[in-house]
Amino acid sequence: MAEKSAKKQTTINLIASLVSFGINLAINFFLTPYLIRALGTESYGFIGLANNFVQYAGIITSALNVMAGRFISVAYHKGDKDQASRLFSSVMVANFMLAGVLLVCTVVFTAVLDQVLHIPAALVGSVKITFAVTFLTFIVSVITAVFTTAAFVKNRVDINSVRDILANCIKVAVLLGLFLLLPAKLYYLAVATLISGIFLLLANISLRKKLLPDLTIRISDFRFPLVKMILASGIWMSLAQLSNILLSGVDLLICNLTLGASLMGILSLAKTIPHCLANLIASMGGVFTPHFTILYVKNDRQELAAEVNRSARIMSFLLTVPIAGFMIFGTQFYTLWQPTKTAEEIRLLQTLSVLNCVVYLFSVHTQCMTMLNSVCNKMKLPVLVSIGTGVVSTVLTVLILRFGNLGDNGVYVIAGMSSALISLKSAFFVPLYAAHILNVKWWTFLPSILRGWLAFGALSIVFWLIGCFAPIVGWGSFLLVAGGAAILGYGVSLPILFNKKEIRGLLSSVRAKLRRGGK
């Protein structure tokens, strides 16, 4: 069977990524209220905090694994299968070594966890088990990481999305079984995630054999110089991970240490839907990256710039509607989704969610441009800028909480400070640097971003007017209003984001697909 065209495969990858997101969102939609009822908001906050600590550990592993796909892909598409095999084998062995070191470190850290965090006495045992199992899941994912590069090399990210869908289904089945058959425990979600992680490990090993049978994987092919080469570039990915943590991964920890476990639980709940949106934005950026890498290897910079612009507008079109909709209709959503919360708690949840979502109004338009940093292996300056932004964000937040005498209102500072600074970086630095590394005109990517902002402004007005004249009294009316608003929103944003020629091409492609489907 002939290989699919790059653009067609990217479309398939994109659809698979959206389906995976939809399923993950549905899981969170039904699962979160259940966990809140079974465990309480305070306990729920420690689940998010455990995942944040995994991000901290990810600083160590990202140096190797994030750039591994790029180096293996470049060698493979240049036809050097032997080098690609040596790279794969070297990364695999290095990951096993990392996993062993991490296992020892996590055992020690978990033992003293209650001396590091503010944990209610009744929850100490459950929280420790939750952290231990969450860390174990992360160690499994470290071993898994190199095998996921097969889909990247072959531009078959859709297969990874299918694996993620199956893994989520396994996680939900295990979780429901535990809660239905046994007394409710905080660590059940961590256990279910571990089991789904083991499934992903086995599935991705099988996937590597299917997609890259021409690569020979041998422990004897381990080459430290190759690992060192990847680390030399990957160290900037670790620093980028550090900057992400400083900007959005320490908020729950700061909240726990300064405002207590209760407000940490509220903040964790408010981050649930925004976190899903953040994962979708990152996932969609990853969908386009394999094709960007292929164009980069071909040294076709003008086509690469055009593809980045097109991809940015596709992301804006697909995601601006749900982002704007969540920000406008969030109060009604939380009222229905968390019926046990008071009106004051609902307002707090909505405000914190909007503060978390502000950043996506910028990053959704620039995520594809950010991916160019790794594609072109130009990580140094962006990482330094991100670290500077993260340090400023963390220091300002801590200083304001320490000397501002804000009390519980400090949670707004925790949620909003990083969003404001990331937004500024995404608006000004990212598009200009992307143009610089591709050696194209400095304003090349700005029109796409401006179109995205214009679309959000128009959608916000439309959605606000709909909210004024369409009362929402239950889930039925909410789904009806939200669905109608979404359809109208996509109709409004289409001509803003795409010109007439692009719209005609899009409609022609859709009609052709429908005609083929009807035969």
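The values are calculated or read from the model by the stated rules, or taken from the named source; none is laboratory data. Since this is a predicted model, take the numbers as computed values, not measurements. All Cβ positions, even for glycine, are placed from backbone atoms using ideal geometry, and neighbour counts span all protein chains on display.
For the range 152-171, the set of residues classified as part of a helix (DSSP H, G or I) and modelled with pLDDT under 85 consists of 152, 153, 157, 158, 159, 160, 161, 162, 163, 164, 165, 168, listed by residue number. Taken together, 59, 72 contain a single residue that is among the hydrophobic types (A, V, I, L, M, F, W, C), under 20 Å from residue 139 (Cβ atoms), in contact with a Ser or Thr (Cβ under 6 Å, 6 or more places away or on another chain) and assigned to a helix (DSSP H, G or I), which is 59.
Applying a threshold of 7 Å to beta carbon distances and a minimum spacing of six or more residues, or different chains, the list of pairs starting in the range 251-267 at a residue that is among the small types (Gly, Ala, Ser) and ending at one that is not in a helix (DSSP H, G or I) reads 260/118; 261/118; 261/120. Checked against the criterion of being in contact (Cβ under 8 Å) with a residue 60 or more places away in the chain and under 30 Å from residue 398 (Cα atoms), the candidates 207, 194, 247 yield just one match: 247.
Pull up the range 45-57, narrow it to residues that are closer than 18 Å to residue 273 by Cα and of a type outside the set (S, T, N, Q), then point me to the one that is surrounded by the most Cβ atoms within 10 Å (Cβ to Cβ). The extreme case among them is 46. When the range 108-129 is examined, which residues are found to be among the polar types (S, T, N, Q) and either within 22 Å of residue 258 (Cβ to Cβ) or touching a helix residue (DSSP H, G or I) at 6+ places or on another chain (Cβ under 6 Å) (or both)? Selection gives 110, 115. Taken over the range 156-174, the criterion of being more than 12 Å from residue 27 (Cα to Cα) and either touching an Asp or Glu at 6+ places or on another chain (Cβ under 9 Å) or among the polar types (S, T, N, Q) (or both) is satisfied by 160, 161. Scanning the range 278-336 for residues that are in contact with a His (Cβ under 7 Å, 6 or more places away or on another chain), more than 26 Å from residue 71 (Cα to Cα) and surrounded by fewer than 21 Cβ atoms within 10 Å (Cβ to Cβ) yields no hits at all.
One residue stands out among those in the range 466-489 that are loosely packed, with under 15 Cβ neighbours inside 10 Å and within 28 Å of the chain's Cα centre (by Cα): the one that is farthest from residue 325 (Cα to Cα), which is 475. Within the range 225-242, the set of residues being within 13 Å of residue 56 (Cβ to Cβ) and in contact with a Ser or Thr (Cβ under 8 Å, 6 or more places away or on another chain) comprises 238, 241.
When 493, 460, 448 are checked against the criterion of being assigned to a helix (DSSP H, G or I), farther than 14 Å from residue 312 by Cβ and among the hydroxyl-bearing types (Ser, Thr, Tyr), 460 stands alone in meeting it.
In the range 204-243, which residues are of a type outside the set (Lys, Arg) and either part of a loop (DSSP other than H, G, I, E, B) or touching a strand residue (DSSP E or B) at 6+ places or on another chain (Cβ under 8 Å) (or both)? Once the filter is applied, which keeps residues that are of a type outside the set (Lys, Arg) and either part of a loop (DSSP other than H, G, I, E, B) or touching a strand residue (DSSP E or B) at 6+ places or on another chain (Cβ under 8 Å) (or both), the range 204-243 yields 212, 213, 214, 215, 216, 217, 222. Only one of the listed residues (403, 428) is within 23 Å of the chain's Cα centre (by Cα), free of Cβ contacts under 8 Å to residues at least 40 places away in the same chain and exposed (fewer than 15 other Cβ atoms within 10 Å of the Cβ). That residue is 428.
Quick grid of which residues meet (1) surrounded by 22 or more Cβ atoms within 10 Å (Cβ to Cβ); (2) modelled with pLDDT of 80 or more; (3) part of a helix (DSSP H, G or I):
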site: 2; (1), (2), (3): no, no, no
site: 43; (1), (2), (3): yes, yes, yes
site: 84; (1), (2), (3): yes, yes, yes
site: 89; (1), (2), (3): no, yes, yes
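The requirement of being within 20 Å of the chain's Cα centre (by Cα) and either farther than 19 Å from residue 284 by Cα or surrounded by fewer than 16 Cβ atoms within 10 Å (Cβ to Cβ) (or both) is fulfilled somewhere in the range 372-380, by at least one residue. Put simply, of 72, 60 the only residue that is in contact (Cβ under 8 Å) with a residue 60 or more places away in the chain, surrounded by fewer than 20 Cβ atoms within 10 Å (Cβ to Cβ) and either within 25 Å of residue 244 (Cβ to Cβ) or in contact with a Pro (Cβ under 6 Å, 6 or more places away or on another chain) (or both) is 60.
Among the residues of the range 65-120 satisfying the criterion of being basic (Lys, Arg) and more than 27 Å from the chain's Cα centre (by Cα), which is nearest to residue 291 (Cα to Cα)? Filtering first and then ranking leaves 78.
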